[in-house]
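S.K.: Let me give you the structure first, and then I'll get to my questions.
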Amino acid sequence: MTENSGGFHTIVCMKVVPRPEEVVVDPQTKTLDRAKARSLVNPPDLNALEMALELKEICGGSVSILSMGPPFFEPYLRLAMSLGADRAYLLSDRTFGGADTLATTYTLARGIQKIGKWDLALCGEESSDGATAQVPPGLAEWLDAAQVTYAFQMTPADQGRMRVRREVKGGWEELLVSLPAVVSVKGNVNEPRFIDFDRRRWALNDSPVTVWSAADIGARSDLIGFPGSPTTVAGVRQVGGHERRKQFLEGTPEEIARELARLLKTQAKP
Ligand SMILES: Cc1cc2nc3c(=O)[nH]c(=O)nc-3n(C[C@H](O)[C@H](O)[C@H](O)COP(=O)(O)OP(=O)(O)OC[C@H]3O[C@@H](n4cnc5c(N)ncnc54)[C@H](O)[C@@H]3O)c2cc1C
């Protein structure tokens, strides 16, 4: 269950995100201050993992998790292994900090090239914090691989190809995709499986989480982190939700109905 034993190999890109309701913006650095928010695995990434595990049940082979982030991401990757992944890779280095999507995709691509043979790289459709949805197509670009976004169904087709159904405006389309390919998976398209408690002990204690630095993946310093990010977050401000005006009507049902009709009439445009 450790080294990539050959066979069909799916890599699932997994991001750990702050709980949206607990996100705090650091007024100085204008970046998200994660320390103040509890974290969770980006929900669509669990749908991507579930899709990878279902494909493994059909095609055999193995599933790896790949993440770029600070050391505290590790326990979340172990969670993914207790769900069924075979191994995990964490790209962690202070020099990765402040990365925009160009630098993030370059770093993840270097990680995949270091891992070696791969057939499918699955991502969630978007993260719940940056929510740019730019990483999957950007990753495919660096890897010079085919790509499909917003997939909700994937089945093996003939040799070296996948039949993928993806959501498009007003419907869906079916594509035959040559592997290797990068595919982003729609959120909520499947039910992520429960933790396998037999695996859990292995996942928490013995499962292999390989941690690589910028040097380990041979990353160019001008293409990672702040130096590698043409996009800078110029300003972040908390926008309060606007409170909808509400009025509680009291009285008998007839009185309420009359008052409602009167109010609607006053609101109705002449
Ligand atoms: C509020 C905010 C706004 C931002 N705006 C921009 C912007 O406009 N332009 C820009 O370039 N950057 C922006 N960023 C930075 C951007 O969030 C990071 O570059 C981030 O690492 C990747 O972008 P994303 O979160 O939008 O990913 P998305 O493209 O939305 O993520 C899609 C999928 O890619 C995979 N993925 C994403 N990040 C990782 C990771 N670190 N490790 C493993 N898999 C991953 C996951 O499977 C995820 O589901 C912003 C960040 C924040 C917090």
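S.K.: Just to check your reading of the model, which residue among 143, 122 is within 19 Å of residue 43 (Cβ to Cβ) and open to solvent by less than 50 Å² (accessible area, probe 1.4 Å)? Let's see the steps before the verdict.
M.R.: Working: 143 fails: within 19 Å of residue 43 (Cβ to Cβ).
So the residue among 143, 122 that is within 19 Å of residue 43 (Cβ to Cβ) and open to solvent by less than 50 Å² (accessible area, probe 1.4 Å) is 122.
S.K.: Return yes or no: is residue 107 closer than 18 Å to residue 143 by Cα, of a type in the set (Ser, Thr, Tyr) and buried (at least 21 other Cβ atoms within 10 Å of the Cβ)?
M.R.: On the way: closer than 18 Å to residue 143 by Cα: yes; of a type in the set (Ser, Thr, Tyr): yes; buried (at least 21 other Cβ atoms within 10 Å of the Cβ): yes.
So residue 107 fits the description; yes.
S.K.: So, one more: Residue 169 fails exactly one of the following numbered conditions: (1) of a type outside the set (Gly, Ala, Ser); (2) under 28 Å from residue 57 (Cβ atoms); (3) at pLDDT below 95; (4) more than 15 Å from the ligand (Cβ to nearest atom). What is the number of that condition?
M.R.: (2)
S.K.: Mind telling me which of the residues 102, 77 ends up being of a type in the set (A, V, I, L, M) and crowded, with 20+ Cβ neighbours inside 10 Å?
M.R.: After applying the criteria, what remains is 77.
S.K.: With 235, 218, 251, 225 as the choices, which residue is open to solvent by less than 100 Å² (accessible area, probe 1.4 Å), modelled with pLDDT of 85 or more and within 16 Å of the ligand (Cβ to nearest atom)?
M.R.: Within the list 235, 218, 251, 225, the selection yields 225.
S.K.: Test residue 184 against the stated conditions and say whether it is open to solvent by 30 Å² or more (accessible area, probe 1.4 Å), among the hydroxyl-bearing types (Ser, Thr, Tyr), within 16 Å of the ligand (Cβ to nearest atom) and in contact (Cβ under 8 Å) with a residue 60 or more places away in the chain.
M.R.: Taking the combined requirement at face value, the residue does not satisfy it.
S.K.: Residues to consider are 84, 111, 61, 98; find the one that is more than 16 Å from the chain's Cα centre (by Cα), in contact (Cβ under 8 Å) with a residue 60 or more places away in the chain and more than 9 Å from the ligand (Cβ to nearest atom). Can you show your working first?
M.R.: Details: 111 fails: more than 9 Å from the ligand (Cβ to nearest atom); 61 fails: in contact (Cβ under 8 Å) with a residue 60 or more places away in the chain; 98 fails: more than 9 Å from the ligand (Cβ to nearest atom).
Answer to the selection: 84.
S.K.: Residue by residue through segment 113-136, note down the ones that are more than 18 Å from residue 51 (Cβ to Cβ) and at pLDDT 95 or above.
M.R.: If the condition is that a residue be more than 18 Å from residue 51 (Cβ to Cβ) and at pLDDT 95 or above, then 113, 114, 115, 116, 117, 132, 134 are the ones that fit.
The values are calculated or read from the model by the stated rules, or taken from the named source; none is laboratory data. Since the structure is predicted, the reported quantities are computational estimates derived from the model, not experimental observations. Reconstructed Cβ throughout: ideal geometry from the backbone, glycine too, with neighbour counts over all protein chains shown. SASA here: full protein model, heavy atoms, side chains in, ligands and nucleic acids out. Shrake-Rupley method; radii C 1.70, N 1.55, O 1.52, S 1.80 Å.
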